[in-house]
Structure formats: C-alpha cells, structure tokens
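The values are calculated or read from the model by the stated rules, or taken from the named source; none is laboratory data. Being a predicted model, the structure only gives us computed values, none of them experimental. Cβ: placed from backbone, ideal geometry, glycine included. Neighbour counts: every protein chain shown. Side chains are part of the model used for accessible areas, which takes the heavy atoms of the whole protein and leaves out ligands, DNA and RNA. Shrake-Rupley method; radii C 1.70, N 1.55, O 1.52, S 1.80 Å.
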Number of protein chains: 6
Amino acid sequence: MTTVCDILDYIETIAPQSLKMDWDNVGLLCGSGKQEVNKILVALDPFEEVCREAAEIGADLIVTHHPLIFQGVQAVTDETSVGRTLLFLAQNGISAINAHTNLDCAAGGVNDTLAAVLGLENISPIAPGLLRQGYMKSQPLSEFLSAVKTALGCQGLRYVDSGKNVCKVAVGGGACASEMHLAAEAGCDTFVTADVKYNQFYEAKQLGINLIDAGHFHTENPVCKVLAGKLQVQFPHIPVCLSQIHCDCTKFFF
Amino acid sequence: MTTVCDILDYIETIAPQSLKMDWDNVGLLCGSGKQEVNKILVALDPFEEVCREAAEIGADLIVTHHPLIFQGVQAVTDETSVGRTLLFLAQNGISAINAHTNLDCAAGGVNDTLAAVLGLENISPIAPGLLRQGYMKSQPLSEFLSAVKTALGCQGLRYVDSGKNVCKVAVGGGACASEMHLAAEAGCDTFVTADVKYNQFYEAKQLGINLIDAGHFHTENPVCKVLAGKLQVQFPHIPVCLSQIHCDCTKFFF
Amino acid sequence: MTTVCDILDYIETIAPQSLKMDWDNVGLLCGSGKQEVNKILVALDPFEEVCREAAEIGADLIVTHHPLIFQGVQAVTDETSVGRTLLFLAQNGISAINAHTNLDCAAGGVNDTLAAVLGLENISPIAPGLLRQGYMKSQPLSEFLSAVKTALGCQGLRYVDSGKNVCKVAVGGGACASEMHLAAEAGCDTFVTADVKYNQFYEAKQLGINLIDAGHFHTENPVCKVLAGKLQVQFPHIPVCLSQIHCDCTKFFF
Amino acid sequence: MTTVCDILDYIETIAPQSLKMDWDNVGLLCGSGKQEVNKILVALDPFEEVCREAAEIGADLIVTHHPLIFQGVQAVTDETSVGRTLLFLAQNGISAINAHTNLDCAAGGVNDTLAAVLGLENISPIAPGLLRQGYMKSQPLSEFLSAVKTALGCQGLRYVDSGKNVCKVAVGGGACASEMHLAAEAGCDTFVTADVKYNQFYEAKQLGINLIDAGHFHTENPVCKVLAGKLQVQFPHIPVCLSQIHCDCTKFFF
Amino acid sequence: MTTVCDILDYIETIAPQSLKMDWDNVGLLCGSGKQEVNKILVALDPFEEVCREAAEIGADLIVTHHPLIFQGVQAVTDETSVGRTLLFLAQNGISAINAHTNLDCAAGGVNDTLAAVLGLENISPIAPGLLRQGYMKSQPLSEFLSAVKTALGCQGLRYVDSGKNVCKVAVGGGACASEMHLAAEAGCDTFVTADVKYNQFYEAKQLGINLIDAGHFHTENPVCKVLAGKLQVQFPHIPVCLSQIHCDCTKFFF
Amino acid sequence: MTTVCDILDYIETIAPQSLKMDWDNVGLLCGSGKQEVNKILVALDPFEEVCREAAEIGADLIVTHHPLIFQGVQAVTDETSVGRTLLFLAQNGISAINAHTNLDCAAGGVNDTLAAVLGLENISPIAPGLLRQGYMKSQPLSEFLSAVKTALGCQGLRYVDSGKNVCKVAVGGGACASEMHLAAEAGCDTFVTADVKYNQFYEAKQLGINLIDAGHFHTENPVCKVLAGKLQVQFPHIPVCLSQIHCDCTKFFF
C-alpha cells in the first residue's frame, strides 16, 4: 500500500523543504498522511474546479505547485474559495500536497523545466538559486519572442525591447521580476518571467535587458508534466494524471 | 427551512459580535451558512468527541462557547486536533458556530449565568463589562465554598482565604484572574473564577480578596443549558440537545 | 510673473494633498517654488527622456502624475535613474511637480477621466473614493473589449471573462486590482484596471466579475491631456505642452 | 569576612547565569555586594512576610528562587508589594539574591530535586535542558498520585488520566505545561508540573500523557532545602536558615 | 499632620500630571504617601549628595524637577547611582517627589520662570505649550548675552550669532533645541535653551535665529526657588529649604 | 585622467566602509564617479558656504567628514538646506564624497589624529575601536585644559573635574560621550569629546573621570588637514585645498 506520506517522502527528495522561502507554506495542507493513495492528479493550482476534477476521476491525492492555504485561515466555510476547497476535499476524501518555492529552486524543478522548454543550453542557477540562465544561438528579439510563444503555448506576450539580440537568457517562472537585477548582473541580455508591473518594464529598459512577460501559468505549468512523470516512474502502480481542465483563465484581446 | 444563517442571526441578538475581544474568533468557523439545520448540539467545547456525538445523534450544527480555530491554521490535516475536527465535521456535513467572549460579556451570558447559579442577588456588571458582581447573605468563607462546590458540581475547589466574610462576590467564568483588581476596586470581598496561577493566588491575598478557582469547565458550562434553552424556544421545531458526553477531564486527588 | 508656487497652488485646488494616500509623495519634489515658469511640460512619468524633452523645448517645469522620488534617496548620483534625473533637472534649471494618488481620487482626475474616455454614464465614486463606476448600454464583453482598446489606444488587452454582459463598469487607472472586491460589492459586472497579477485574474472569476487589464500607461495617460488643458486655461500666457515622446515601453507580441 | 558577592560567586558555580532564560531577572536585585553576611534566609519567594522573617531572625541576606523584581519598576513606594518589599529590605539592611530559571535548569537544581523527591531513577534532562525524566516501577496512576501527594506534602492534586500506567515520568517544577510536547516526544507516560490551564489538561489527553498539577509551591519548594544545605556546607560559619513561615497560600476544598 | 500625599495633591494643582510628556516619569517615585512631612528639601536633581543633604538637615521629603527613576530599574543595588540613591532614601526615611515635563509646561513653571528671570515682557506660550516667548527692548546680541549671563549666574555661554538684534525671545529650559523651529516659526529672533549640539547651532544659523546655550542647570534651576516659595506659602508650618550644595558640576575654561 | 571613482578607491584604502556604523551614510552622495577631478576641496562639513567656496576655487569634488544626506530625502528643493546644497552641487558640476564613522574608527583617522594633536603617547584603540587612549606626563587638570585649548584652538572648554590628575587620556572626536563608560573601564582618568549633555557631565563625576567638551568642530577638524595631505601625496597632480571659510559657528561668551 502506498500512502500520502510515501508521496511526501519522495517529493522531499526532488524538492526538499529546506529550499523553500521563509514565508511559504508547503507539504501536506489537507487530509491525512496515512491515507492510501490509488490515483494522483497533478495540477498547477488547487483551484475548486481542479478538486472537482480529482473527485470525478477518482483521485485521492492532488499534487500542486501553488499552496491551498497561503495565510492561516480563521474559518473553513463556503464563504471563501479556500474554505469551499477544503470542505470539498475533506468530503471527498482527497488529500492535498504542494511544492512551491522549494520546487522553483530545486534542480529539475520549475525554473530548470522552463529553461529546458525554451531550448536554453548550458543551463545553470543564478545565485542565490531561484533563477536559471542559459544560452541560445544569437537571434533578434522578434525571433525569440516567436519561439517563446510557441514553446509555452501562450496566446500572447508582453515585453520591453532593450535593443539587444538574444543570446544569454535568464528565466524565472511566475512573478520573479523583482529579481531582475540578478539577471542583469549575471550578464543576461533577456529575462523571461511573469506578472510584470509597469515600473518593472521601465526598469528593464533602464537596465538594458529585454524583459518578457510570458504569463504566470505558461511559465510554471510545464513543471506539472515533469512532476507527474517523475511520480509515475517512482510509483508505477498508481495512475498519475495531469489536470485536463486546468488552463489559464487570462485571455488576450488584440 | 431553518439555515445555519438563521441560527447565527439569532445568536447575534443574544451575544452581539460587537462585544467580543479584539483577539477572539467567533461566529461560523466551519461549514456553510446556507446549510439546513435539523438538529443542534450545544456544548462548551468543539472537542473531537463532541463532534462525534453530534454525528451520532444526527445533528448538523454544533454551537459551542469556545472557538474551533483560535489562531489561523496553516493546514487541515489529521496531525493536529483542530485539523482532525475540521476534517470530521466536513465529512459529516456538520457546521460549527461559537460565541466566546461576546457570550461572556452579554446580558444573560456566561457570567450572568454563573452569578445566578451561585445564588447572587442584585447582579450587575463590573466595568468595563466582563465580570459580574452580586450579593450574598454574609457568611464565613467555608460556608460559601461549600455552596459553590454544590451549585457548580465541582469535585474540588482551590482558593485563598483573605480573612473576610463573604458578602459581595465577583464572578468571571474561565480564566479571568487577571481582572482581579477590578473586582477588588469594586469592593468585592470574594472573586470566583478559574485557571488561577500561583502568583495570582498570592496577589489576591495582598489585595485582601478571597479568590476561588472553581474550574474552567464548571464556571462556564452552566451557560450551555441556558443557551440551549433559548435556541429551543426560538426554534421550537428543531431539536436542541445538550452534549451528554462532554465533561471536565480534570480530576482531583485528595 | 508666474512661479512654481503659483502652479502648485492651482494644482492644490484641483487635486488637494488631503486626498493622497499616507505612503505617497507628492508636490514639489525638485527645484524651487520661487522659480519663474515660462513653459510647462506635462507627462505621466518624470522619466529621464521626458526630462530631456523638457530641456529641449525650453520648459522650466514638468508636471507629472508619478512621483520622481518614491522612497527617500540616500544619494543623488548617476548610478541610479532617480539620481541621474535629479542631477539633470538641477543642471537644466527645471523644477518637478507631481500629483499622484491625490489626482487619482480627485473629481475630474485620473479615474473620472478614464471613466469618461470609456464612455461611461452616470459616473460616481465607489466608496471610499478611489474607484469610479458608471453605466454602458448592455453589451457582450467582446464588444466592450473592442471599445476599450479603441478608446485607450491599447495594442492589446488581458482579461478574464466571467460570463456576464457589460453594463455597470468600475474603473481604476494603474494598479488597482486589490480594490476589486469594492467593485464587486458595488454590483459592477466589469472592472477595468492594470498591472493585474495571476491570482487576481482568478479571484475575479471567483467573484464573477469581468476583469480587464488595459495597461498602466493607457489607463492613466488620458489625465495628462486633461491636466494640461486645465493648466493652459488657468495660465493662458504660459505654453503648456504634452510630452510627445513619452509612450508605453511595454509591447505585445501575438 | 564573607560578603554578598562571595555568596553570589558560589551560586554562579551551582546555577550559572548562562542557563537563565532571556526574559528572566536573576542575581543581586536589592542591596550591596560588599555587605557582610552573617545569617542567610532561604525561601521560595521574596514575599513581604518572608522579608519580615529575615529581619526578625537577624538575617542580612535572603536567597530565593523567584525574583523580587520581574519587570522594571518605575517607582519604589508603599503602593505596590514590590515597592514595600524593597523599602523594607533597604531599611533593614538586607540584601536579596535569587536564582530562577538558571536554578530550574541547573544540575542539582529545581527539576533534578523534584525528580529525586518523587523517587525517579535514571534521571536525565529532556532537551533543551529544562525538564527532567526518570523511571518508576510500573504502577497504576492512582498509586503514583498517592505517592506524589505524600512525597511533596500536597493537600490535593489536579490531574488528567490518559489511561496509561506510570513508568517513565517527566517533571517540571512550576508552570511548565507549555513544555508538555517535549515530555510526550521523549516517550514519557506521565508529566508532573503546576499551574496547568484547562486547555492544557485537554491537550494532555489528546497527547495521551497523564498530566499532574501538583502545585507551584510544592513542586519547587524542595529545592530550597537543597540550596540551603549547599550554602551551609560552603559557608559553615554562617547560619543558613530555611523560611519557617513561607508556605503555600493556596488551599483545597473538597 | 501633613503627609506626602498632601504635598502631591498641592503639586498637582500647580503642575498637573496631564501636562507631562508620554515618556516621562513623575510624582511619588520613592517612599510613602502616608508619611508625615516635617521638613522639605527642594532641588533640581535627586542626586546622591542632595539626598545626603536632605538627611543632614532632617528633611523627610525631597521635591525635585528631574525624576529619580527614568527607565524602569531591574535591581536596587549599590552598583548604580539610582540604586544607591533609592537605598539611601529608604534607609533614611525620605520620600521623593518630582515634577518634570509637567512643571516645564505649567503656568508659572520652569519656562515661565526662565522668561521672567530674563526680564521678558508680554510672556506667552508658543504652541503646543512647552516653550515661552516674550519681548525685550531691541538690543544687540552682545548686550543680551551679557544680560543672560548675569541674570542666570552662568560662568559662560555658548551661542551662534545669526546677525539679528534681540527683541522677541523664545525660551526653553533644559534640552529644548529640537523645538527650535517652533521658535523660528513664531517669529522669534533669539532662542535661549541648553545642551545644544553642533548641528543644532548650525541649523539655527540656517534658520536665521540667534541660539544661546545657557546651560541645563542655569536655565532650569530658577524654578526651584519659585517652587519652594509656593510650597512654603501653602504649608507655612513646614520648613521648606532650597538645596545649598546642589550646583552645576559643569565648568568653563577660557 | 583621475576620476571621482579613483578618489573613492583611495579613500577606501584609508577608511574602509566596513568600519562604518550601520546607521551611517558614506561614500559618493552627490554627482558621478566617472567625473574627471581637477581640484579637490576638503572640509569637515558639506555646508552651503563650503560648496560655494568649492565653486569659487574651481573644485569639482568636495571631500568631507560629515555626510551631505543623513536620512533619505523625499524632495530636492530649495526649501531645505540639504536640497539647496544638492541643487547647487549639481548645477556647478561638483561631486561630493564623505568618510564619516569609517574615518572616525580608521587607523590614522579622526580619533588617532585628535590623540596625536593632543600630544598623547602610546596611542591605542579602546575596544571595540572607536575611541583612542594614550598617555601624558601626569599633570593637574588645569594644566591639561590649557594644553587642550591651545592644541585645538578652542575659544573655550566645558568640563567636569573629578579630582584626578591627568595621565591616561581617552579621546573621541564629536559626540562620543555615550561611550564614556568604555573610557572609564579602560582605566582612563580623563576623556576628551564634544556635545556633552548635562546628565553626561554628572555621570562622569559619578564615574570619577574628568570629562572635557572641547567642541565638535575642534575635536574633528584636525583630520581634514591629515586627509588633505594624504590625498595630495596620492594625487600629486591635483591641487587639494583645505576649506578657508569653514569654521566653528559656535562662539563662547564669558
């Protein structure tokens, strides 16, 4: 019998909790470590519809990147999205595990996967370990934008063009624009991240680095397939499914 | 159909949330306001065994004095008592409501009930509103101790004798010894409360006030019967039950 | 002779500093109130290129929405963008004034202007005064998106579709998504703002409100024309110019 | 001539200040290190009546466990117990020394003494050093309760019975119930401490550990005799007296 | 019989505690309100030698401007000046009262007295009430310096000359230089205070105000005579003495 | 070509920034590291008149002890002294460097220079490194006061005489009286510093140490000559000038 604890123990080997940020909340956030696991659903977020999908396919465990509970909850009621999700999971006997910033930083995690999907070569961490850098054949920014859009399946990109060809690229899945100076100091000409704010686009121009916002979902979601694959290899007798309904709710209008 | 919200609305009329302390957590802490209520269990604490009792008698709502969640929870798992309780309630479709410091302070609440059960007369609040004071026929402390033990059904009492007869008595159910100076300033010769610490017994002797620790459970539990009674009158079609299994786990050895 | 102080006094009448947020920095941030003003440049941001434009057209005052200094500066050197800008302004005898959150909230300010440009009717503030709400002829979201893009001159929009027609619209220029619940509580079906993050798009879907990110620049820049117009009417003898070079550095790639 | 400093120096060897908690206040709290010592009174607390006893027997130094000043005093007047005590000691030329949490943790201190008095065997510290653990011949809880009451001279005990026989016992004199989890994690079946609150008794039941509140005074006072004995051996020419009047003001009523 | 409380009650009428700064410590700081008062010593500071003087002349109460205890004391021992003073007072049966910032601000207090001694006319408070302002016949600064030195009995003065004649003068006894801007905003040409720091002298020059440091002792000590006089009138049967030995320990060398 | 950065690099060798206090602000506070340096003005403070002197003599760099900006500035306008100075420096193409607490602590810095000017022998730091101590031929305090006044060119001194001859002297230029206990613990009989407050003079008397306030300017200014000399030797082709107009604005009146 495989238990939730067995899954947790394995995830600790690929994304150790010692790598997580101080403010983060990771691990088993709902259910029981002693529960038997017969089917796993992997998704980026423990959104309500993802939990319903888990119930529909008969999964007894969801493994996500983002945490179900971010700040401590004072009540578990149907008045909040977190409360509804917790009630649904409990009522359907589904446990919930997540690996967040520990998976961002881990070797083979969110940012290594993003770098690989973008086709970077000689990938290495930028100190202190969150971002990754790698190399491309030198190309105009427009060519790289097209490649990013295709590789990540984005509907659109937002970016600032700092006038440089693309050759040495930094990546940080999700909202990593506040780490931009580390990418610039590492000598990267281009930085791919998400949730970029107005002043950060301008700051990139000041720093002389191309900054591309490829979307929070699209820069992080590739790790789900990797994570599901690793779980399937490790636990071959347990079906590990990728969420079929979880997609980016954000759309572009041109 | 009566819903959890209807019960909440009624409780607001007898223990308004405006009376609660800033640090407190009261109201609907688990479940759904829209849930239909067919049976209510009233108890001092939302302990795990009380929740099991609720399930066994078919209650869909528990109403307690103490809150289920005190400090925000970071996870809802079976590793903690709060987590196990939340999972059990969700799985059994039971909502949980509480009225804590708002019920302590409310007219007809915890402290008015305690004063009445002890037989005090001319009961009135001691500013700013938590404690109550009232009068007894003047008697030796030993006589009053015997009366308290009988009235509250305590196995034993702890006390300090400051050498005064008992006539004007202050009461504060639960751990109110830090409010002792208010009782002394109000001219009370005796103060009944619970969870008294060593230095507080000594402080009472310094202040010249008899201090009696009658137990947290025994000083607060009387309000449950009162609360259940009010709910039954207000919602005559819904069975309102008092917990039969919740008792004080603390024992005395002599 | 008109001085910088005269301009400041007038701006106080249209965007009183009593309306600003506690953390904001507004008013005269560089130069001298006693300086004579002969030409004014109005722009959204006091970026370096805007300051160079001011020097080139012979302006001795720039009036912007965003502040030149946000957090106190420890040094004024060419190692930072703020330092370079301050040195350039001082060397070219240009003073700098801004009206930030006071102009967001002011009647006829950023948000009233945005509402008007979008063609809303019966415009009114949403308490406590930052956002505005107004009405459109009921229309599908796709029709409204097209209208927003045209009205604001955006290259693209990001949005979440919550399945409602557009009729009652809230607006908040710049990064106002954290105020989304106020728009929802006011009964708006649609909210136009900027700098929206991943979880905020999802939160909008949960709240059942269409959320449109029309860009920080495009939602705030319309006020510049309004502000320049008011200044020109008040000070007819002083040429008031709109920045010709300041545009949104953020581009879309589809 | 033996001075107060000589006594302090000796106490440092048996209860080094490096062992005290950060928030604690220990050492010479009243009087003068240069004062000659001709008689010492040892007591648990520097209460007013203990200080009067010191004066009556001609002691020029009191050595206590609890500190005379806990939080800094703003005034030394007869309006407070601390003020009255300080004035009395000064007027009677009595210095006051204490060893509090340093003596709790020290080898041979409060908790080692408590463990020994209870007849534990193979006594050792529980990390990080405050509590002690030891072994008894396995016995029913009722038998152990009787032994504790006799050994410590308590009038009564309060306890929770978690259904286990007593064999491996943890002890922490005074209010140590917040350290209960350390006792449970160390595998103890029983924990003896004092000043236990309602929720802590319940928590013990949840943890499955017998919890006994044997009283703050009775769990700590045994160290006074030990401390007096050590002082007498070290300073054979100075009479070292144990307080004859200091007892527990808390009584039980059954 | 006159008690310390009677003296306190009278001081409350001339320097109400409601006028004191939040951080200040005033009133009865040592001894007993119930003590009989037969002789009073008034001095600026409760220094050790002042307390010895009180004992020598048989005073049972000292009344000072500066407080005996400023920050809460953790111990009352002869290792600190405050500890030695408290021990001495207690041993000699002397109580200690002070009126500090309440006396600075009070009508007829420290600053009104200083203004009067300097010969100012039409004396009035500068908002919010600490400093005083008044007028002199217009005179060169050198003439005013000579007058200040004579009036206060200073050995020397430190000052900055801002090039203005002296006509409207602000005063603040003790270390009030941080309030200098209030004096300047009130239109004063000259400010007399004490404990002035280097940057404050320079700031005065920038503000264009003559700043005179006449010494902490010399600017505050005049109030002692006034206070002693008021006490003597109010309590004619009790000898009220001014300290004969307390003087300024700071000397000038030229 | 020598740049401002070259000067900064050299100053780092004689007063490393690792020596500065946490709260301090040192280094390049105005202008550009890339600017060519053709003339340097050295002064204690970057006061407005010093900056004008720099402009008049054609200096393009000022090097001072005190920082131009102490707490972050929210605006650079002519309403404040710091703002006026920054505007003037920018308009005149003058950069500003300072070495403050790093120069206080550095070998050969402020305090070593002060010790040397006073003629101390066997000069060494007092832990943790700010103050210096050294020896004089034993002499009465009056003789030492005369020597200090002459050596530093003071108009007057303020001091407290603790009744000891002068032999082992501690020095701390500027406001170092709060470090007095370190001087006393090091066994010094005399301490020379500045900006001494009333209670500090009294504290010196209590500690039994002669305390001399020789003025902030006079105790720190000697380092300017030393610093200018070192710069001149290191950069022989660049004229390094000492400010001719910067003097102490504080005067004495006797």
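Points worth noting:
- Conditions (1) touching an Asp or Glu at 6+ places or on another chain (Cβ under 9 Å); (2) more than 9 Å from every other protein chain (Cβ to nearest Cβ); (3) within 26 Å of D:VAL37 (Cβ to Cβ); number of the one not met by D:ALA107: (1)
- The single condition among (1) modelled with pLDDT of 95 or more; (2) more than 18 Å from the chain's Cα centre (by Cα) that F:GLN206 does not satisfy is (1).
- Residue in the stretch F:191-198 that is open to solvent by less than 10 Å² (accessible area, probe 1.4 Å), of a type in the set (D, E, K, R) and within 13 Å of chain E (Cβ to nearest Cβ) present: no
- Within the stretch B:127-145, the set of residues being under 18 Å from B:SER162 (Cβ atoms), open to solvent by 20 Å² or more (accessible area, probe 1.4 Å) and either within 14 Å of chain D (Cβ to nearest Cβ) or of a type in the set (D, E, K, R) (or both) comprises B:PRO140, B:SER142, B:GLU143.
- Qualifying residue in the stretch A:138-145 (condition: in a strand (DSSP E or B) and in contact with a Phe, Trp or Tyr (Cβ under 7 Å, 6 or more places away or on another chain)): no
- Of all residues making up the stretch A:167-178, the number that are buried (at least 23 other Cβ atoms within 10 Å of the Cβ) and over 24 Å from C:VAL196 (Cβ atoms): 1
- Residues of the stretch A:83-106 that are free of Cβ contacts under 8 Å to residues at least 60 places away in the same chain and of a type in the set (Ser, Thr, Tyr): A:THR85 alone.
- Residue within the stretch F:155-166 that is under 20 Å from the mean Cα position of the chain (by Cα), open to solvent by 40 Å² or more (accessible area, probe 1.4 Å) and within 11 Å of another protein chain (Cβ to nearest Cβ) present: yes
- Of the residues examined, A:LEU118 is one that is more than 10 Å from chain B (Cβ to nearest Cβ) and out of contact with any Cys (no Cβ under 8 Å at 6 or more places or on another chain).
- Only listed residue being acidic (Asp, Glu), touching a strand residue (DSSP E or B) at 6+ places or on another chain (Cβ under 9 Å) and closer than 27 Å to A:VAL240 by Cβ, chosen from A:ASP112, A:ASP189, A:ASP104: A:ASP112
- Against the list (1) in contact with a helix residue (DSSP H, G or I) (Cβ under 6 Å, 6 or more places away or on another chain); (2) crowded, with 17+ Cβ neighbours inside 10 Å, the condition C:GLU48 fails is (2).
- In the stretch D:179-190, the residues that are crowded, with 24+ Cβ neighbours inside 10 Å and not hydrophobic (A, V, I, L, M, F, W, C): D:THR190
- Matching entry among A:THR80, A:THR64 (being among the β-branched types (Val, Ile, Thr), open to solvent by 20 Å² or more (accessible area, probe 1.4 Å) and free of Cβ contacts under 8 Å to residues at least 40 places away in the same chain): A:THR80
- Residues (in a loop (DSSP other than H, G, I, E, B) and open to solvent by 60 Å² or more (accessible area, probe 1.4 Å)) located in the stretch E:1-15: E:MET1
- Here is the figure for the stretch E:223-254: residues that are within 14 Å of chain F (Cβ to nearest Cβ), open to solvent by 40 Å² or more (accessible area, probe 1.4 Å), more than 16 Å from the chain's Cα centre (by Cα) and touching a residue at least 12 places away in the same chain (Cβ under 8 Å) total 3.
- Filtered residue count, the stretch A:187-239, keeping only those that are in contact with a Lys or Arg (Cβ under 8 Å, 6 or more places away or on another chain) and more than 30 Å from A:GLY163 (Cβ to Cβ): 2
- Scope the stretch A:70-100; condition assigned to a loop (DSSP other than H, G, I, E, B) and facing chain B (nearest Cβ under 10 Å); matching residues: A:PHE70, A:GLN71, A:GLY72, A:GLN74, A:ALA75, A:ASP78, A:GLU79, A:ASN92, A:GLY93
- Residue ID - nearest to the other protein chains (Cβ to nearest Cβ), chosen from residues in the stretch A:206-220 that are open to solvent by 10 Å² or more (accessible area, probe 1.4 Å) and closer than 11 Å to A:GLY156 by Cβ: A:GLY215
- Any hit, the stretch D:107-115, residues being over 22 Å from D:VAL160 (Cβ atoms), in a strand (DSSP E or B) and free of Cβ contacts under 8 Å to residues at least 24 places away in the same chain: no
- Matching residues, the stretch A:36-89, being of a type in the set (Lys, Arg) and out of contact with any Gly (no Cβ under 9 Å at 6 or more places or on another chain): A:ARG52, A:ARG84
- Residues in the stretch E:16-58 that are in a loop (DSSP other than H, G, I, E, B) and at the interface with another protein chain (Cβ under 8 Å from one of its Cβ atoms): E:ASN25, E:SER32, E:GLY33, E:LYS34, E:ASP45, E:PHE47.
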